[in-house]
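Below is one structure, written out as structure tokens; comments come after it.
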Amino acid sequence: MKQFTYERATSPAGASRAAVMQRRTRFIAGGTNLLDLMKLEIETPEHLVDINRLGLDVIEETAEGGLRIGALVRNSDLAADLRVRERYPVLARALLAGASGQLRNKATTGGNLLQRTRCYYFYDTAMPCNKRNPGSGCAAIGGFNRIHAILGTSESCIATHPSDMAVAMRVLDATVHTLMPNGEEHAIPIADFYRLPGDTPQVETALRPGELITHVTLPSPPAGRQLYRKVRDRASYAFALVSVAAIVACDGDTVTSARIAFGGVAAMPWRDEAFDASLQGAGTDEASLRAIADHALAGARGFGHNDFKVPLARRTLGAVLVEACGRDGA
Ligand code: SF4
């Protein structure tokens, strides 16, 4: 690990300002991803700003009937919160599907959003990787790419974003709130928070230097049954091959509204509002739902080893829709 300096911030404004006072500064909270990356010298910050004592660990209801989640709320605390479990079960389920109990006890809401890809080549410093070392190439294209993206890829990078929590937040239309070093506060809809790789896969989010995530807000939950289903190689402690977050309202024989977000398929939680709209009015019998699911993920393509993800994601969605409409989707 490279040497670095460290300070403990005492206020959000002080933390944000400190992050632009020195070169190559990173915020650290739970550190569950950053410390691994520092040990591998993939992340080599010269300065760490510890934000653990900023008081951003509160969950509270908003005047609009939603929820305000501090950036430092631990994943386990968020999953266990009664308001989350009762009103946002898709979020509780997604959180509990992620990582391990020990990691969830440390990992924070803000850090979960910002975790880096689990592409094998990103973690192997002997291999070319445009995300780790811009301009060096992408070892995954033409390499072993079983866990890689099938949507939103570029010639520079085909990595996926690993967060389960972010997929649930995408289907819930969360907003990420930030503080700039100049004191400005920004509200970034989660739909605009992540970047596709394009020519700059090292740029992963809309955040600018020194911009500190302070909290995330969830609007009042929409009507409908909330589900999160994750398909992975092991029953626990594994990243999603594909996952589906869904909020589906059915009225007898008809789907009245639906929101779907996919994980494990792109560099961001993937949502297609046009596809959501196409579900409205669909029949709730299994054949109809599975037929519609076969049209999800328009434009998806694999890179060889991950070709299976396209049918896997559609079949997972089909099972989720059948379950949401009250039938056995197992
Ligand atoms: Fe690097 Fe992205 Fe290619 Fe993986 S897919 S090797 S993260 S450039």
Worksheet item: What is the spin-label model distance, in nm, from S11 to R208 if the labels are put 7 Å beyond Cα along the C-beta direction?
Response: 2.2
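Taking the Cα centre of region 215-330 as origin and charging only Cβ (+1 Lys, Arg; -1 Asp, Glu), how large is the dipole, in debye to the nearest 20? Display every interim value, and only then the final one.
Numbers: 13 positive and 12 negative charges, 100 e Å.
For region 215-330, the charge dipole is close to 480 debye.
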Discussion item. Give the separation of the Cα centroids, region 248-270 to region 203-243, in Å.
Written reply: 14
Fill in: Taking the chain and dividing mean pair separation by its residue count, relative contact order in percent (alpha carbons under 8 Å, at least six apart)
17
Response to the item:
Net charge near M165 (other residues with Cβ under 12 Å of its Cβ; Lys, Arg +1; Asp, Glu -1) is +4
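Are there chymotrypsin sites (Phe, Trp or Tyr not before Pro) in region 66-156 that DSSP puts in a loop and that have at most 12 other Cβ atoms within 10 Å, and which ones? It would help to have the intermediate numbers written out before the result.
Details: sites: Y120, Y121, F122, Y123, F144; in loops: F144.
Within region 66-156, no chymotrypsin sites (Phe, Trp or Tyr not before Pro) qualify (loop, at most 12 other Cβ atoms within 10 Å).
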Worksheet item: With helices defined as uninterrupted DSSP H runs, which ones in the chain have an alpha carbon span along their own long axis of at least 18 Å and mean Kyte-Doolittle hydropathy of at least -1.0?
Response: 309-324
Worksheet item: Of M1, L212, L317, which is farthest along the charge dipole of the chain in the positive direction, counting Lys and Arg as +1 and Asp and Glu as -1 at C-beta?
Response: M1
Item to complete: Can you tell me the alpha carbon radius of gyration of the chain divided by the globular rule-of-thumb value 2.2 N^0.38 Å?
Response: 0.99
Response to the item:
The answer for S257, listing residues at least 5 apart or on another chain whose modeled amide H is closer than 5 Å to its amide H, is A249
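Return a whole-number percent for the relative contact order of region 181-330, with Cα pairs under 8 Å and 6 or more residues apart as the contact set. Present the calculation step by step, with values, prior to reporting the outcome.
Values: 228 pairs, mean separation 27.4, N = 150.
Relative contact order comes out at 18 percent.
When only Cα pairs under 8 Å and 6 or more residues apart are kept, what is the percent relative contact order across region 1-71? Don't skip to the answer; put the middle values down first.
Details: 102 pairs, mean separation 27.0, N = 71.
Computed value for region 1-71: 38 percent relative contact order.
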Worksheet item: Size of the dipole of region 1-116 about the Cα centre, Lys and Arg at +1 and Asp and Glu at -1 on the beta carbon, nothing else charged, in debye to 20?
Response: 220
Item to complete: Compare K131, K230, K39 in a GNM of the chain, Cα atoms joined below 10 Å, and give the one with the largest fluctuation.
Response: K39
Discussion item. Connecting C-alpha atoms closer than 10 Å in a GNM of the chain, tell me which of G142, G183, G31 has the biggest fluctuation.
Written reply: G142
Worksheet entry | Unit charges at the beta carbon, dipole of region 1-113: most positive-side option, I28, T109, T44 | T44
Worksheet entry | Helix-only CD estimate at 222 nm, as mean residue ellipticity for the chain, using -39500 (n - 2.57) per DSSP H run (n ≥ 4) | -7000 deg cm²/dmol
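How do 134-140, 212-218, 47-53, 273-279 rank on mean C-beta neighbours within 10 Å, highest first?
Working: 134-140: 17.6, 212-218: 23.7, 47-53: 19.1, 273-279: 14.6.
Highest mean packing first, the order is 212-218, 47-53, 134-140, 273-279.
Return the loop-located trypsin sites (Lys or Arg not before Pro) in region 271-330 (DSSP other than H, G, I, E, B) with at most 16 other Cβ atoms within 10 Å of their own Cβ; answer none if there are none.
Numbers: sites: R271, R290, R301, K309, R314, R315, R327; in loops: R271, R301, R327.
For trypsin sites (Lys or Arg not before Pro) across region 271-330 that sit outside H, G, I, E and B with at most 16 neighbouring Cβ atoms in 10 Å, the list reads R301, R327.
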Worksheet entry | Two-site FRET efficiency, V20 against D251, from Cβ-Cβ distance with R₀ of 56 Å, rounded to 0.05 | 0.60
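What full-extension length gain, to one decimal in nm, is calculated for A274 and N133 as 0.36 nm per residue of separation minus the Cα-Cα distance?
Values: separation 141, 0.36 × 141 = 50.76 nm, distance 3.58 nm.
Between A274 and N133, full extension yields 47.2 nm more.
Report the charge-dipole magnitude of the chain in Debye, nearest 20, computed about the Cα centre from +1 at each Lys and Arg Cβ and -1 at each Asp and Glu Cβ.
Values: 37 positive and 35 negative charges, 187 e Å.
The dipole magnitude comes to about 900 debye.
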Worksheet item: Along the positive direction of the dipole of the chain (beta-carbon charges: Lys, Arg +1; Asp, Glu -1; about the Cα centre), which of A159, V231, C119 reaches farthest?
Response: C119
Discussion item. For K131, give me every one of the lysines with a C-alpha distance below 23 angstrom, ignoring sequence neighbours fewer than eight places off in its own chain.
Written reply: K2, K39, K309
Worksheet, complete the sentence: For the chain, percent of DSSP beta bridges that are antiparallel (nearest 5) comes out at 85
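Rule-based calculations on the coordinates, nothing more; no lab input. Owing to the predicted nature of the structure, the values given are computational and were not obtained by experimental measurement. Positions of Cβ are backbone-derived with ideal geometry, glycine not excepted, and every protein chain shown enters the neighbour counts.
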